[in-house]
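The numbers here are math on the coordinates, done by the rules we state, and not lab data. Because the structure is predicted, anything quoted here is derived from the model rather than measured. Reconstructed Cβ throughout: ideal geometry from the backbone, glycine too, with neighbour counts over all protein chains shown.
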Amino acid sequence: MIVASVMKRNPVFVRPDVSLTDAKALMEKEKIGKLPVLDKNDRLVGLLTRKDLAKASPSDATTLDIFEIGYLLSKLKVEKIMTKNVVSVQENEVVEEAARIMADNDVGCLPVLKGDLLVGIITESDLFREFVDMFGARYNGVRITAILNEKPGQLAKFTTFIAEAGGNIVSLVTSEADDLSKRCCTCKVTGLTKEEVEEAFKKTGAEITDVRVI
């Protein structure tokens, strides 16, 4: 799956010379927490978040009254507090690479570009939804996790056993095991009992670490 199939398209954005007051009002109106900042040539030059707004606002200990605070924020422009050198991603990038970039850079979203043009934005929430789908969380069935030998043919054997028993695999995810000579596999199967799924995995010589009906 690529970023273009997951991202929110045509995101709301602001210009660098917009006041913080207007930017905050726009976030509240659109119920969003992040605003890409585009210059007059529509090039991405920054990103404004609620966290940036909080940093720019006076602390609770300020002696300023609400009117003075409002006046100061109306004079402060987005370009003064936005995050510059924004980490972004191209629309044809794969979703897992976008997730890695977000994790490695400790950011909660990525503006999505097509060349130099902003076409979308992908957030942690978008990735969480994909995570739910990836693990088949919306399906009732048997969820099993097992450790398989890291060698060709192991998953083929298991999927064959499931098919022959009349089951249907709705999700299958693998990851590294503590022992690098093995692979951790988590699978959701419908149409079979817990015992039938366990038996299919056991035929591959796998070590079952968790199995449950959910």
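Brief remarks on what is shown
- Rg/Rg_globular for the chain, with Rg_globular taken as 2.2 N^0.38 Å and Rg from C-alpha atoms: 1.42
- Highest average packing first - 85-94, 13-22, Cβ atoms within 10 Å: 13-22, 85-94
- Listed values for the stretch 161-171 are Karplus-derived 3J(HN,Hα) couplings in whole Hz (6.51 cos²θ - 1.76 cosθ + 1.60, θ = phi - 60°), namely 4, 5, 5, 5, 7, x, x, 10, 8, 9, 7, and x replaces Gly and Pro.
- What the Kirkwood sum gives for the stretch 130-208 is a hydrodynamic radius of 12.6 Å, with every pair of different alpha carbons counted.
- Residue of Leu180, Leu113, Leu155 that the Gaussian network model of the chain assigns the largest fluctuation, springs spanning Cα pairs under 10 Å: Leu180
- Summed side-chain charge close to Glu150 - residues other than Glu150 whose Cβ falls under 10 Å, Lys, Arg +1, Asp, Glu -1: +1
- Using a cut-off of 31 Å between Cα atoms, the listed pairs Lys31/Lys75; Lys114/Lys151; Lys29/Lys114; Lys114/Lys188; Lys151/Lys194 include Lys114/Lys151; Lys114/Lys188 as exceeding that distance.
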